[in-house]
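I have placed the structure first, in the form of C-alpha cells, so that the comments after it can refer back to it.
The values are calculated or read from the model by the stated rules, or taken from the named source; none is laboratory data. The shown structure was predicted, so the numbers you read here are calculated from the model rather than taken from an experiment. Quick reminder, even Gly has a Cβ in these numbers, built from the backbone with ideal geometry, and neighbours come from all protein chains shown.
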Amino acid sequence: MGNSNTATRLERADKTGVLVLQKQMPPLTKVPDAALKMSKLRTLDLAHNQIKKLGPAIGALSGTLTSLVLSHNRMSELDPVIGTLSRLELLDVRHNSLATLPAPIVGCRRLKKLHVDDNALVELPAAIGDLCALVLLTASRNKLAALPDDFGRLAQLVEVDLSDNELALLPASLSGCERLRLLKLRGNRALAPLPAALLTDTALDRVEVDEHLIGGDGLLAGDGADAYNGRRKQLLDKELHAKLHGGDLKFST
C-alpha cells in the first residue's frame, strides 16, 4: 500500500475514529506517530506488520481507545503502559512472540475480549480476576502449564479457549466463573479430570477435551459429569430445534 493511501487513511481516521493499517508496504515497525496524536481514535488495527514494540506513547490514547488489534506482528513483550488504556474493550495480540503479559494489563477493567493465541505464553497474570468485564478469552497454542487461582474471579466470562497448551490440572476456583458456557481444552495431553465444582456450579454446556476424558457414550466422564451432561443435552436439543426451524443458536459474547 502506497504512502498516499496511508496518508488518506490517517486523514479519514482523524474524523471517524477508526484507523486500519493492515499489511502495509513497507510494513510498519512501530505505531504511527500521527495515530498517537488523534484525540478521537477509538479503533486501531495494525495487524500483519512488523511491529516489535508497542511503546509507552500508546498511553496517549488512554482516554479514547476501545479496540486495539496488533495480531501477526513481531512483539516479544507488551509495554506495561497497556494497563492505562482504561477504555479498552478488545485487545488482539495473536501470532506474536509474547512469553508473558505485563501485570498492569489488569488495569483494563473494561476489557471484554482478549485474544492471545499463538504466542509463547508460559503464564497468565496472577491478578487476572481484576479484568472484571472479560467475556471472551482465547489463549490457544501457547505454553501454559497452569492457570492462576484468581481465574475464578472472572464472573462475566462466557467462553474460554485454552486448546493446545500444557495444562495438567485446572484450579477448583474456576467454579467461580458462573456464567462460563464454552471451554475448549483439546490438545492438553496430560490434563486430569475436570474439577467437579466446575461442572456443577457453572453454566457449562459445551466442553471440548481429548478422548481420554470422554465416556463411551460421547459425554464427559468423571465427578460432576451428570450435571454437565444434562445441560449439554439441553443445548443439543435447542440446536436441533433451531436447525429444524431455520434459526441459529449462538453464544452471546
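Values for this structure:
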| item | result |
| --- | --- |
| Positions within the range 1-20 being under 18 Å from residue 50 (Cα atoms) and modelled with pLDDT of 95 or more, in sequence order | 19, 20 |
| Residues (in a helix (DSSP H, G or I), surrounded by fewer than 16 Cβ atoms within 10 Å (Cβ to Cβ) and in contact with a strand residue (DSSP E or B) (Cβ under 8 Å, 6 or more places away or on another chain)) located in the range 13-46 | none |
| Single residue of 138, 100, 200 found to be more than 23 Å from residue 72 (Cβ to Cβ) and β-branched (Val, Ile, Thr) | 200 |
| Any chance residue 66 is of a type in the set (S, T, N, Q) and surrounded by 14 or more Cβ atoms within 10 Å (Cβ to Cβ) | yes |
| Residues within the range 47-63 that are under 17 Å from residue 87 (Cβ atoms) and buried (at least 18 other Cβ atoms within 10 Å of the Cβ), tallied | 5 |
| Test: residue in the range 149-160 that is surrounded by 20 or more Cβ atoms within 10 Å (Cβ to Cβ), under 17 Å from residue 94 (Cα atoms) and either among the hydrophobic types (A, V, I, L, M, F, W, C) or out of contact with any Phe, Trp or Tyr (no Cβ under 9 Å at 6 or more places or on another chain) (or both) | yes |
| Filter result for the condition that a residue is farther than 23 Å from residue 160 by Cα, basic (Lys, Arg) and out of contact with any Ser or Thr (no Cβ under 9 Å at 6 or more places or on another chain), over 30, 40, 52 | 30 |
| Residue identified as out of contact with any Phe, Trp or Tyr (no Cβ under 8 Å at 6 or more places or on another chain) and either within 28 Å of residue 204 (Cα to Cα) or in a loop (DSSP other than H, G, I, E, B) (or both) among 83, 63 | 63 |
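To keep it simple, each residue is scored yes or no on (1) touching a residue at least 40 places away in the same chain (Cβ under 8 Å); (2) surrounded by 13 or more Cβ atoms within 10 Å (Cβ to Cβ); (3) hydrophobic (A, V, I, L, M, F, W, C).
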| residue | (1), (2), (3) |
| --- | --- |
| 168 | no, no, yes |
| 196 | no, yes, yes |
| 228 | no, yes, no |
| 234 | no, no, no |
